[in-house]
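Here the structure comes first, spelled out in structure tokens, and everything after it is commentary.
The values are calculated or read from the model by the stated rules, or taken from the named source; none is laboratory data. The shown structure was predicted, so the numbers you read here are calculated from the model rather than taken from an experiment. Positions of Cβ are generated from backbone atoms using ideal geometry, with glycine treated the same way; all protein chains shown enter the neighbour counts. SASA here: full protein model, heavy atoms, side chains in, ligands and nucleic acids out. Shrake-Rupley method; radii C 1.70, N 1.55, O 1.52, S 1.80 Å.
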Amino acid sequence: MADGQAPDTPQRAFNLDEALDRVEGDRELLLELVDIFREDLPRAVQEIEEAVAEGDARRLNRGAHTLRGSLTSFAAASASAITLRLESAGRDGILSQAAADLAELRQALSALEAELVQLKAQS
């Protein structure tokens, strides 16, 4: 495969090593960030969903940008890439693809949250 993964290796929702690097190896801090992220996630997704439903490009841009910042803390490449597309759609006022991107984002966030729950359980 082009990314160096074996075909049967599942795609990870986030990169634990990179996330730990971002907090200078402080696992406790990372776990605190996980709690904060999981608490704020429903509100962030709702903001994006409402913006898409209402066709509010500015609100979509702002909501996606905020969520992308949080995702960056976890090195969540897939979800970050989707929020970047949503952010760009909002900035450019092109919402035609936003609903499909939102559905893809929900899947990516679900996978991320499952991995974060697993990380917490292992700690």
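Taken over region 79-123, the criterion of being touching a residue at least 40 places away in the same chain (Cβ under 8 Å), over 13 Å from ILE48 (Cα atoms), assigned to a helix (DSSP H, G or I) and small (Gly, Ala, Ser) is satisfied by ALA79, ALA108, ALA111, ALA114.
Among the residues of region 43-57, are any charged (D, E, K, R), over 15 Å from ARG12 (Cβ atoms), open to solvent by 30 Å² or more (accessible area, probe 1.4 Å) and in contact (Cβ under 8 Å) with a residue 40 or more places away in the chain? Before you say what the answer is, go through the steps one by one.
Applying the first criterion (charged (D, E, K, R)) to region 43-57 yields 43, 47, 49-50, 54, 56.
Filter once more, keeping what is over 15 Å from ARG12 (Cβ atoms): 43, 47, 49-50, 54, 56.
Now drop any that are not open to solvent by 30 Å² or more (accessible area, probe 1.4 Å), which leaves 43, 47, 49-50, 54, 56.
From what's left, in contact (Cβ under 8 Å) with a residue 40 or more places away in the chain: 49.
Yes: region 43-57 contains one or more residues that are charged (D, E, K, R), over 15 Å from ARG12 (Cβ atoms), open to solvent by 30 Å² or more (accessible area, probe 1.4 Å) and in contact (Cβ under 8 Å) with a residue 40 or more places away in the chain.
Can you give me the number of residues within region 76-88 that are over 9 Å from the mean Cα position of the chain (by Cα) and either among the aliphatic types (A, V, I, L, M) or open to solvent by less than 50 Å² (accessible area, probe 1.4 Å) (or both)? Count: 4.
One residue is enough: does region 5-18 have a residue meeting the conditions buried (at least 19 other Cβ atoms within 10 Å of the Cβ) and part of a helix (DSSP H, G or I)? The answer is no; no qualifying residue exists.
Within region 89-123, the only residue that satisfies the criterion of being over 19 Å from GLN11 (Cβ atoms), out of contact with any Asp or Glu (no Cβ under 9 Å at 6 or more places or on another chain) and open to solvent by less than 20 Å² (accessible area, probe 1.4 Å) is ALA98. When region 34-68 is filtered for residues that are out of contact with any Phe, Trp or Tyr (no Cβ under 9 Å at 6 or more places or on another chain) and either aromatic (Phe, Trp, Tyr) or not in a helix (DSSP H, G or I) (or both), the ones remaining, listed by number, are GLY55, ASP56.
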